[in-house]
1. Give the cross-link partners of residue 621 among the aspartates and glutamates, using a straight C-alpha distance below 13 Å as the criterion and excluding same-chain residues fewer than 8 apart.
2. Please give the net charge around residue 531, taking every other residue with its beta carbon less than 9 angstrom from that of residue 531, where Lys and Arg add +1 and Asp and Glu add -1.
3. For residue 514 and residue 662, compute 0.36 nm times the residue count separating them, minus their Cα-Cα distance, and round to one decimal in nm.
4. Give me the extension gain from residue 718 to residue 467: residue separation times 0.36 nm, minus the current Cα-Cα distance, reported in nm with one decimal.
5. Tell me the label-point distance for the pair residue 272, residue 231, using the 7 Å Cα-to-Cβ offset, in nm and rounded to one decimal.
6. Going by a ≥ b ≥ c, the root eigenvalues of the Cα gyration tensor, does the range 521-616 fall in the rounded group (a/c under 1.5), the prolate group (a/b larger than b/c) or the oblate group?
7. What distance in nm separates the two pseudo spin-label positions at residue 421 and residue 320, each 7 Å out from Cα along the beta-carbon direction?
8. Just grab the label-to-label distance for residue 63 and residue 198, each label 7 Å out from Cα along the Cβ direction, in nm (one decimal).
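The values are calculated or read from the model by the stated rules, or taken from the named source; none is laboratory data. The structure displayed is predicted, hence computed values, not measured ones. Every residue, glycine as well, gets a Cβ built from its backbone with ideal geometry; the counts of neighbours run over all protein chains shown. These area figures cover heavy atoms from the full protein model, side chains too; ligands, DNA and RNA do not enter into them. Shrake-Rupley method; radii C 1.70, N 1.55, O 1.52, S 1.80 Å.
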Amino acid sequence: MKKLRLFTAGLALIIDLTGSVAAQITIPVETGNVAVVLQTDKNNHLRIIHTGKKLQEPEEYTAAGRMYHLTGDGGSSNNSAFAVAGIDNNFSEPAIAVVHADGNNSLDLRYENKTLTSEDGAVLTKITLKDAVYPFYVDLFFKAWKDEDVIEQWSVIRHTEKGKVTLNKYASANLYFYNRDYYLTSYNGNWAKEMQPEQTQLKQGMHTIQSRLGTRENLIGSPNFMLALDAPATETSGTVMLGQIAWNGNYSIQFETDINKKMHLVAGINPYQSAYDLKPGTPFETPRFTYTLSFTGTGTGSRNLQAWLRNHQLLDGKGRRLTLLNNWEATYFDFDQEKLVGLFNGAKDLGVDLFLLDDGWFGNKYPRNGDKAGLGDWQENKKKLPDGLPYLVKEAGKQGIKFGIWIEPEMVNPKSELYEQHLDWVLREEKRPEIYYRNQLVLDLTNPQVQDFVFGVVDGLFKKNPDLAFIKWDCNAPIFNGHSQYLEQNKIPQSHLYVEYTRGLEKVLQRIRAKYPKVPMMLCSGGGGRSDYSSLKYFTEFWLSDDTDPLERVFIQWNYSYYYPAISMCNHVTDWGKQPLKYRVDVASMGKLGFDIRANELKPEDRAFCQQAVKNYDGFKDIVWHGDLYRLASPYEKDLASLMFVNQGRNRAIMFNYLTNNRYISEANVDPIKLQGLDPAKKYRIKELNLYDKQKTTLDESKTYSGDFLMTVGFNPNVTSGRTSVVLSIEAL
Ligand code: DGJ
């Protein structure tokens, strides 16, 4: 089989080298189970002839194109590998639309050649298309990760015309699906309401998910989606694609159901207000459209993405994380150094690794005593912190805990010295009144001086505090006043702003990571406004939402878990919600555990419970961080949510169960819950964790069960109104 697969690739290469362009070329892009297959037609246009399961006999891909009769004169069905605007018999949504240097606005992309290389252990297929008339090229890239069944797809656009070419649309990826029906899960959101799922059956016309916020791409919608093919998928059945456009800026993912009820998907940077002038010889690389396809439901799909992130994308994805105590909700802006040092005690007492100082520590002319002033002035407030941050880092060290700090370096309050001194660094429409979001404006990261400033905020902190152990990087405002003085002064069109902002931020993050490769950083955005895969190359974790009500959090974490591994998800125990402390701690333990409470005011029995829960977490966190996640019972279907993490050896698992109904209910689930991911042949013992001192489990912990029994009959965790959250440790004998 291996031989045949190599042979297919070799054949295409021979055809290329002989220059026999009329010969039909078939290019399969394959992972372990998935194939996207491209093929040239008689006019040398590149088509997508298969998107789905990998075939056992790769030479049979060649025949797939003949099975569909799509390319008639109608023009509204188009399985092009990169649909163009103008020419190519196409009325469907273009992936690319340009105006050439001479003013012509047509494109006709023909297959030129392809190369196959290996990159980071993945197979990288590069296919070059060239316009039939103009020296205008699109390189299509497919990076196929065999083990995780993940494909990253993007394009690079370049030309050597005599002058600039304006790109009106420049997608990363274009796909085509030959299925019967299509069910899209996309997400609504807002502050404290991130990742609210909606399922839509796509029947006719165009459905777009997008952001135009400039920053905070995950706020009102989300770049994450699932597309179930043929029929709705369940956790364990059905064909489903899960993916994201990895871009920390404006994105658009378009799902166009064509006249034949086939699905044309176009994903990339949102062309909204973003026509881009491309000079000759300066390739434009688009962001990566990252996806997996599962043929056994959303569970497999999400485990594919989680494994891919841990193994290849998330910073330090295979590493460890710090548990912490954050002071945001404990103090808000109201603190001084003595109060903070007092809180260190609480962190130490809880047994966490780090104290995280949040917003409010800076600004002197305009002290940051609320969210109306001081943002941008990154000097310690002398009144609150007379001995500066070095004192706090030292005091934390004395108590045996690490110290981390909050920043929001892309933003400025109009009431700040930064605004007074560098108005030209602020994105604002000079001729119009300023529009604020949380009383702040966005700095102009297209400007290299602003990039230096933002880098300097982080660099300065580390230079003065070499022992600083953690950064929380916040971002609370979208771009409302989208005008850059820097672009204007440099005669660069304002329509480059959104793209260059995102690139400018990435340049800063690259510099930070070149100098400080390891230090953990949390990506936060006024709650969960940012969580794109491109940013997670530079961040070790992200903040899902300011909604820490544990009941609502079960749903929020559930939805994020389709796309992100638990090791990247920061969950804090706070005072939000009506659930008992145990429920809050249990929910926060399903990821990277933190606390944001007045730990030193806890009642003795609560303190003892938390201390034990942190110890328990330390005992099972490796399974949560690096194991496989199985969503067992959906809170959208029953009054109960149940999830489990299983380690690679399948000899240890941890199961979390929650009552998700506020009404009186004696038993949430009369049925046992079928476990997953265990070894059927192994025997397991089940023990309840995170109980209060005097609390007794209602389970018989002396019994043992085979993996077969637990996965076939199941296990009942006895979730009732008296036991609203139950954590179980499952260990092989
Ligand atoms: C928004 C974040 O989501 C919060 O956790 C907190 O850091 C505040 N910003 C501080 O202003």
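1. The qualifying aspartates and glutamates are 586.
2. Details: positive: 530; negative: 194, 217, 532.
Within the 9 Å Cβ shell, the charges total -2.
3. Value of the extension gain: 48.4 nm.
4. Working: separation 251, 0.36 × 251 = 90.36 nm, distance 4.61 nm.
My answer for the length gained is 85.7 nm.
5. 3.7 nm
6. Prolate is the answer for the range 521-616, as a/c is 1.5 or above and a/b outweighs b/c.
7. Going by the 7 Å Cα→Cβ label model, 4.0 nm.
8. Rounded to a tenth, the inter-label distance reads 4.3 nm.
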